[in-house]
1. Test of understanding: ordering Asp245, Asp221, Asp180 by Cβ neighbours within 10 Å, fewest first, what list do you get?
2. Provide the convex hull volume over Cα atoms per residue for the range 216-276, in Å³.
3. What size of dipole, in debye to the nearest 20, comes out for the range 69-268 about its Cα centre when the only charges are +1 on Lys and Arg C-beta atoms and -1 on Asp and Glu C-beta atoms?
4. Name the long-range amide H neighbours of Thr122: under 5 Å, sequence gap of 5 or more, or other chain; modelled H, no Pro or chain starts.
5. Restricting to DSSP loop positions (anything but H, G, I, E, B) with no more than 12 other Cβ atoms inside 10 Å of their own Cβ, which trypsin sites (Lys or Arg not before Pro) remain in the range 160-191?
6. Label the range 69-268 by shape, choosing from rounded, prolate and oblate, from the square roots a ≥ b ≥ c of the eigenvalues of the Cα gyration tensor; if a/c is under 1.5 it is rounded, and otherwise prolate applies when a/b is larger than b/c, oblate when it is not.
7. Just subtract the alpha-carbon distance of Lys290 and Asp228 from 0.36 nm times their residue separation and send over the number in nm, one decimal.
8. Over the range 69-268, what is the mean sequence separation of C-alpha contacts under 8 Å (at least six apart), divided by residue count, expressed as relative contact order in percent?
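Derivation of every value follows stated rules applied to the coordinates shown; laboratory data play no part. Bear in mind that the values here come from a model prediction, so they are computed numbers and not experimental data. Here the Cβ positions follow ideal geometry from the backbone for every residue, glycine too, while neighbour counts run over all protein chains shown.
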Amino acid sequence: MDSRVGVAVAAAVAVVGPGRPPAVGITPPPTYRFASMRKLFSAVFAAILLLIWSAPAFADEPEYPEYTGEEFQALYEFAVANTLPNLDAPNGLYQITGDEELDDRIWTLAFERGYVLRPTATGDLGRADGVNMQPQAADAWRALKTEARSVGMGFVVSSAYRSPQAQRTQFLTKLQGTSDKAIDLALTWYSVPGTSKHHGGYALDFRYRSGTFGEFRSTKDYAWLQEDNFAIPKTYGLIPSYPDDVASQGPNPEPWEFVWVGTGLVQCGLPQSFVSVPGPASAVLSDIEKCPGGMGLVEPPPWLGNP
């Protein structure tokens with residue numbers, strides 16, 4: 001038995017105690033023995049579960065769950081709504097072309113593709129390699145770049161924070177006509193102002209200095225980033241921004257764009273909620289609710305409800 005488990009079991013026994021014994025010479029009734037054993041087993045299980053849950057504290061490296069494309073998206077949306085600092089809420093629809101009727105049509109087609117209004121950065125931005133971004137994203141990029149260079153990867157960050165005004169300019173340069181087809185073609189890769197994740201300063205675009213975004217998917221650098229469900233970026237709190245297996249997310253999948261959500265969220269997954277459980281298991285389950293370790297639903301054993 002792991003020594004930590006043994007200590008936890010001993011502690012659980014000490015906390016729960018053996019129960020009040022019956023008088024000497026009297027055989028305890030079965031119900032007494034069953035209740036005592038159930039109480040002890042519940043406490044021991046809770047102690048072991050707590051140790052298992054706190055394993056990263058003893059491990060050399062934390063483990064990161066695997067996520068689907070939709071789950072990566074859910075992590076980002078949760079982070080924007082709950083954990084990412086220095087963001088202002090969206091503030092209505094921006095003017096795009098100056099033609100009200102055309103703008104209405106562009107917004108309609110954008111929303112049909114899955115674009116949504118995004119928050120914008122507030123406060124002081126950081127800067128890394130000449131690119132403005134949130135300080136947390138800058139720290140993550142520097143750490144990722146150090147590891148990338150150590151194994152011969154040469155990709156750079158070419159874009160991060162982008163204001164709605166700059167996004168408007170970029171979109172207009174790609175809008176070649178006013179037909180629905182022309183609008184949809186521009187929306188395939190370019191957001192309209194107010195809908196880009198770059199507005200928040202947590203999105204990073206990667207490419208080679210002399211390459212294009214479209215070429216990035218076929219590079220050894222992207223293969224390195226993508227390996228084992230994006231294991232390396234996840235260790236720095238970075239996840240794919242527009243994954244392959246997600247429909248109607250706005251633009252087409254963009255393998256070059258990553259967003260910072262923080263290592264804690266990536267490691268824990270989205271918080272969950274359990275039915276209140278009394279007794280020694282309650283503290284353990286509270287920790288699991290905050291950090292279930294992935295997106296799969298965690299179901300506590302039914303008997304924990306009756307310790």
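1. Asp245, Asp180, Asp221
2. 116 Å³
3. Here the range 69-268 has a charge dipole of around 680 debye.
4. Excluding prolines and chain starts, which carry no amide H, the hits are Leu87, Asp88.
5. Filter output for the range 160-191: empty list.
6. The shape class here is prolate.
7. 19.8 nm
8. 28 percent
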